[in-house]
1. Could you list all residues from the range 80-92 that are over 17 Å from the mean Cα position of the chain (by Cα) and buried (at least 16 other Cβ atoms within 10 Å of the Cβ)?
2. Restricted to the range 51-79, and to residues that are exposed (fewer than 13 other Cβ atoms within 10 Å of the Cβ) and basic (K, R), which residue is nearest to E100 (Cα to Cα)?
3. Restricting attention to the range 13-24, and to residues there that are touching a residue at least 24 places away in the same chain (Cβ under 8 Å) and either under 12 Å from M97 (Cα atoms) or of a type in the set (A, V, I, L, M, F, W, C) (or both), which single residue is surrounded by the fewest Cβ atoms within 10 Å (Cβ to Cβ)?
4. Could you check the range 25-63 and list, in sequence order, the residues that are touching a residue at least 40 places away in the same chain (Cβ under 8 Å) and of a type in the set (D, E)?
5. Can you name the residue in the range 101-110 that is among the acidic types (D, E) and either surrounded by 14 or more Cβ atoms within 10 Å (Cβ to Cβ) or not in a helix (DSSP H, G or I) (or both) and, of all such residues, is modelled with the highest pLDDT?
6. Condition first: among the β-branched types (V, I, T) and under 14 Å from S47 (Cα atoms). Now tell me which residues in the range 68-113 satisfy that.
Amino acid sequence: MTDEPEPDRVRAAREQLAAIHDMLRRDLAAARRDPRAHCLAFCAALSGHHGNEDAVFPRIERAFPQAAPLIARLRDDHRRIASQIAAEPDTDTLERMAAELEEHFAVEEAELVPLISRL
């Protein structure tokens, strides 16, 4: 790691994605406390977020062919999470999703943001 300042585009992309992930984390926490009251809103927001990312993935793959394994992993995560949502998540499912999403968000923030910022 260098002491050079982070380029503006990278910082902006990282901050925007982190803000979205923070909102999803808050919504997930609410859904975990009271699934009946909050799960529908959380699941819709997460599905929309993943849909937006899925729409950008082909562009990333064209620009950065070396990112294919990363994009494949993120798509697999999105499909697995979508199937959990489709099964009407219960408290146990939401707990598993929380752990999966933390790892998923960390990968996106560390590895996807630098690619998005270079598009």
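The values are calculated or read from the model by the stated rules, or taken from the named source; none is laboratory data. This is a predicted model, so every value here is computed, not measured. Because the Cβ atoms are built from the backbone with ideal geometry, glycine has one as well, and the counts that use them run over all protein chains shown.
1. Of all residues in the range 80-92, those over 17 Å from the mean Cα position of the chain (by Cα) come to 86-92.
If the condition is that a residue be over 17 Å from the mean Cα position of the chain (by Cα) and buried (at least 16 other Cβ atoms within 10 Å of the Cβ), then P89 is the only one that fits.
2. Here the residue is R79.
3. Step by step, filter the range 13-24, then rank; the result is A18.
4. E53
5. Ranking the candidates gives E108 first.
6. Result: I81, I85.
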